[in-house]
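Every read-out reported here was derived from the displayed coordinates using simple, explicitly stated rules and does not represent laboratory data. The model shown is predicted, which means the values in this text are computed figures rather than measured ones. In this analysis, Cβ positions are derived from the backbone assuming ideal geometry, glycine residues included, and neighbour counts consider all displayed protein chains.
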Amino acid sequence: MKCCFCKKNCENEYGNNPWPLKTKQGGRCCNVCNEKYVLTARMIMETDIKKVKEYIKKKKNL
């Protein structure tokens, strides 16, 4: 399975859920991109939904 961000192979057969950065059904991400982008977005989302929307706009080019 390929990562929806970096296009490298995922480390395991299932990959990681890329939500909230990618909402397309079936998209998965590798462990590196999960830690680098997705978990950061989720932490921001816990504190301020406006910040997460800004973060998503910036990362939309991934």
Which listed pairs, of 7/59; 7/50; 8/59, have C-alpha distances above 25 Å, in listed order: 7/50
Acute angle (nearest 10 degrees) that the helix 49-59 long axis makes with the longest principal axis of the chain, alpha-carbon atoms: 50 degrees
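For the stretch 1-36, which GluC sites (Glu not before Pro) pass both filters: DSSP loop (anything but H, G, I, E, B) and at most 15 other C-beta atoms within 10 Å?
On the way: sites: 11, 13, 35; in loops: 11, 13.
Passing sites in the stretch 1-36 are 11, 13.
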Distance between modelled label sites at residue 54 and residue 6, nm, 7 Å Cα→Cβ extension: 2.7 nm
Taking Cα pairs under 8 Å and at least six residues apart, what relative contact order does the chain come out at, in percent? 30 percent
Size of the dipole of the stretch 1-57 about the Cα centre, Lys and Arg at +1 and Asp and Glu at -1 on the beta carbon, nothing else charged, in debye to 20? 300 debye
In nm, spacing of pseudo-spin labels at residue 14 and residue 46 (7 Å Cα→C-beta vector): 2.1 nm
Computed [θ] at 222 nm, deg cm²/dmol, the chain (DSSP H ≥ 4; -39,500 (n - 2.57); rounded to nearest 500): -9500 deg cm²/dmol
